[in-house]
1. Under the condition of being surrounded by 20 or more Cβ atoms within 10 Å (Cβ to Cβ) and assigned to a loop (DSSP other than H, G, I, E, B), which residue from the stretch 122-132 is modelled with the lowest pLDDT?
2. Checking the structure you have, find out if any residue of the stretch 164-180 is more than 19 Å from the chain's Cα centre (by Cα), assigned to a helix (DSSP H, G or I) and of a type in the set (S, T, N, Q).
3. Pull up the stretch 87-113, narrow it to residues that are aromatic (Phe, Trp, Tyr) and over 18 Å from Thr190 (Cα atoms), then point me to the one that is surrounded by the fewest Cβ atoms within 10 Å (Cβ to Cβ).
4. Would you mind telling me which numbered condition in (1) of a type outside the set (Asp, Glu); (2) in a helix (DSSP H, G or I); (3) crowded, with 16+ Cβ neighbours inside 10 Å; (4) in contact with a Leu (Cβ under 8 Å, 6 or more places away or on another chain) Leu119 fails?
5. Of all residues in the stretch 93-116, which are closer than 16 Å to Pro48 by Cα and outside any helix (DSSP H, G or I)?
6. Just wondering, is there one or more residues in the stretch 163-175 that are crowded, with 23+ Cβ neighbours inside 10 Å, touching a strand residue (DSSP E or B) at 6+ places or on another chain (Cβ under 6 Å) and charged (D, E, K, R)?
7. Could you look through the stretch 96-113, keep only residues that are in contact with a Pro (Cβ under 7 Å, 6 or more places away or on another chain) and of a type in the set (Gly, Ala, Ser), and pick out the one that is farthest from Leu17 (Cα to Cα)?
8. For the stretch 169-182, which residues satisfy the criterion of being in contact (Cβ under 8 Å) with a residue 24 or more places away in the chain and aliphatic (A, V, I, L, M)?
Amino acid sequence: MNYAERIGVFDLETTGLDVRTERVVTAFVGVLDASGAVIESTAWIADPGIEIPAIAASVHGFTTERARAEGRPAAQVVSEVVEALRALFAADIPVVAYNAAYDFSLLHYDALRNGVAPLSPAKPIFDPLIVDKKLDTYRKGSRRLVDACDVYGVVLDDAHEAKSDAVAAGRVMQAILAKYGEKPELQGSTAEIHDRIAVWARQQAESYADWAAKNGRTVSRPGAGDWPLFGG
């Protein structure tokens, strides 16, 4: 399909999991061609302006000291990441992000914190996590990026490194399109695909919340915002 011939990819590594309060540490925005080769590539390191918790540093390798030494001010980095994504959206190039609600929500709130105009709208986005759950609903096992890579035959060399994760997610999305691209769910314009994924994301979040409630757990339900920001 035409939109699979040139896709954007995006990933963040951050100070933590709360999208409203945590900060960008590293970021990657790139473009893959139809073969999955990286044909455009930009990576950033930010000094988030706060201490990076040890648990986060153990995941992505950036301590507070390293980020301060190698990174640039957060406002500059966040502004550049937003503009790189904005340019892809303006060109109608779909941006792939694995669990997109996390990355785009965190970027949104970090942009507001740093006086940067956030993406509005953030579209078109393809999330292979959501699409995989929709098209292969009953497959058992974890749905982490590393597991999706195993399922779709994608090599992930350096998990939790922004470029590696972004590129792997893009290649997983390309593999999903190659396998399921003739299904009606994946037909139409990039905007139509995005809108369907948004519906699936909300349905999946509601289903998980219902399951959690039945098992004595409480989780946040999607708010009134538009995906991918409802995760915030």
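1. Initial filter on the stretch 122-132 (surrounded by 20 or more Cβ atoms within 10 Å (Cβ to Cβ)): 122, 124-132.
Those left that are additionally assigned to a loop (DSSP other than H, G, I, E, B): 122, 124, 127.
Details: Ala122: 93, Pro124: 97, Asp127: 98.
Once the filter is applied, the top-ranked residue is Ala122.
2. At the first step, the residues of the stretch 164-180 found to be more than 19 Å from the chain's Cα centre (by Cα) are 178-180.
So of that shortlist, the ones also assigned to a helix (DSSP H, G or I) come out as 178-180.
Now restrict to residues that are of a type in the set (S, T, N, Q): none.
No - not one qualifying residue is present in the stretch 164-180.
3. Filtering the stretch 87-113 down to residues aromatic (Phe, Trp, Tyr) leaves 89, 98, 102, 104, 109.
Narrowing further to those that are over 18 Å from Thr190 (Cα atoms): 102, 109.
On the way: Tyr102: 20, Tyr109: 18.
Going through the qualifying residues, I end up with Tyr109.
4. Only one criterion is unmet by Leu119, namely (2).
5. Correct list: Asn114, Gly115, Val116.
6. Looking for residues that are crowded, with 23+ Cβ neighbours inside 10 Å, touching a strand residue (DSSP E or B) at 6+ places or on another chain (Cβ under 6 Å) and charged (D, E, K, R), one finds at least one in the stretch 163-175, hence yes.
7. Filtering the stretch 96-113 for residues in contact with a Pro (Cβ under 7 Å, 6 or more places away or on another chain) gives 96, 98, 100-101, 104-105, 108, 111-112.
With the extra rule that they be of a type in the set (Gly, Ala, Ser), the set shrinks to 100-101, 105, 111.
Details: Ala100: 13, Ala101: 12, Ser105: 11, Ala111: 16 Å.
Applying the filter and picking the extreme gives Ala111.
8. Within the stretch 169-182, Ala169, Val172, Met173, Ile176, Leu177, Ala178 qualify.
The values are calculated or read from the model by the stated rules, or taken from the named source; none is laboratory data. Predicted model, so just to flag it, every value in this text is computed and none were measured. For neighbour counting, all protein chains shown are included, and Cβ atoms are generated from backbone atoms with ideal geometry for every residue, glycine included.
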